[in-house]
């Protein structure tokens, strides 16, 4: 299964990274699809972004609560305590660090990174 990380602002004003586990529950949908899934979350839209190898976005906060799903390529997310996590194909980042120092984003490797960004409605 893909990795799911959350970047959030701690009580110390710094961004932190933690691995999340999906709250999976059994479901049966109206068309008959079934299995395990997460509860539905309200979103405001979706956008796709492409970043070239070597792209670097210095310290920044998430502009809103949002999921970013890496579709191709790889990036490293860094936080103030020196923790760096690599996100690759299928990995999900829930960005919630709306205040504080923020985090960095760096595209690594030789491939561009394609990601889907899904702003949440809260």
Enumeration of residues in segment 56-89 that are in contact (Cβ under 8 Å) with a residue 12 or more places away in the chain, part of a strand (DSSP E or B) and surrounded by fewer than 17 Cβ atoms within 10 Å (Cβ to Cβ): 56, 57, 58, 59, 60, 71, 72, 76, 86
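For residue 45, state whether it is on the phi > 0 side of the Ramachandran plot, modelled with pLDDT of 95 or more, surrounded by 11 or more Cβ atoms within 10 Å (Cβ to Cβ) and more than 13 Å from the chain's Cα centre (by Cα).
In short, no.
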Residue within segment 32-40 that is within 19 Å of residue 64 (Cα to Cα), without any contact (Cβ under 8 Å) to a residue 40 or more places away in the chain and in contact with a strand residue (DSSP E or B) (Cβ under 9 Å, 6 or more places away or on another chain) present: no
Matching option when the condition is touching a strand residue (DSSP E or B) at 6+ places or on another chain (Cβ under 6 Å), on the phi > 0 side of the Ramachandran plot and at pLDDT 95 or above, among 102, 88: 102
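The values are calculated or read from the model by the stated rules, or taken from the named source; none is laboratory data. The model shown is predicted, which means the values in this text are computed figures rather than measured ones. Note that each Cβ is placed from the backbone with ideal geometry, even for glycine, and that neighbours are counted across all protein chains shown.
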